[in-house]
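Participant: First, the structure itself, so that you have it in front of you.
The values are calculated or read from the model by the stated rules, or taken from the named source; none is laboratory data. Remember, predicted model here, so these are calculated numbers, not experimental data. Cβ sites come from the backbone with ideal geometry, for glycine too, and all protein chains shown count toward neighbours.
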């Protein structure tokens, strides 16, 4: 029987390590995402001050958002494909590993949802500034 106990201890240690790795990866992803958001806001502020660049910026921003949305869609499709491929194997895993797999999947889904929401918000923000400038006679209302 000691072999079974050792195996369970090893599985528990592996489960704990996997949980830690998933938490770390998701945490780093969230931190990186937040850093990108801060950089985006700072860039918007700088570009808003320089009127000669603001027209070009709008076009570049629209194109970047269009491409980012396309990439987000491709990532979503890839995640669904991987999830459906791994799902039959997940049911055969021991309980601790199955739990880790479900937690990892939930965290990945949360991160993807946040990215999708950010892209939707950014797309909405793209339309808003030009409307504000038109109403203010060409001046940004934040100035």
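Participant: Taking the condition of being free of Cβ contacts under 8 Å to residues at least 24 places away in the same chain and within 22 Å of residue 99 (Cα to Cα), how many residues in region 1-24 meet it?
Facilitator: Qualifying residue count for the region: 13.
Participant: So, one more: Name the residues in region 84-95 that are modelled with pLDDT of 80 or more and either within 30 Å of residue 58 (Cα to Cα) or in contact with a helix residue (DSSP H, G or I) (Cβ under 8 Å, 6 or more places away or on another chain) (or both), would you?
Facilitator: 94
Participant: If I filter region 94-117 for residues that are exposed (fewer than 11 other Cβ atoms within 10 Å of the Cβ) and within 13 Å of the chain's Cα centre (by Cα), do I get at least one hit?
Facilitator: yes
Participant: Let me ask another. Just one of (1) under 30 Å from residue 120 (Cα atoms); (2) loosely packed, with under 15 Cβ neighbours inside 10 Å; (3) modelled with pLDDT of 80 or more trips up residue 72, so point out which.
Facilitator: Only one criterion in (1) under 30 Å from residue 120 (Cα atoms); (2) loosely packed, with under 15 Cβ neighbours inside 10 Å; (3) modelled with pLDDT of 80 or more is unmet by residue 72, namely (2).
Participant: What about residue 48, is it more than 30 Å from residue 11 (Cβ to Cβ), at pLDDT below 80, touching a helix residue (DSSP H, G or I) at 6+ places or on another chain (Cβ under 7 Å) and part of a helix (DSSP H, G or I)?
Facilitator: yes
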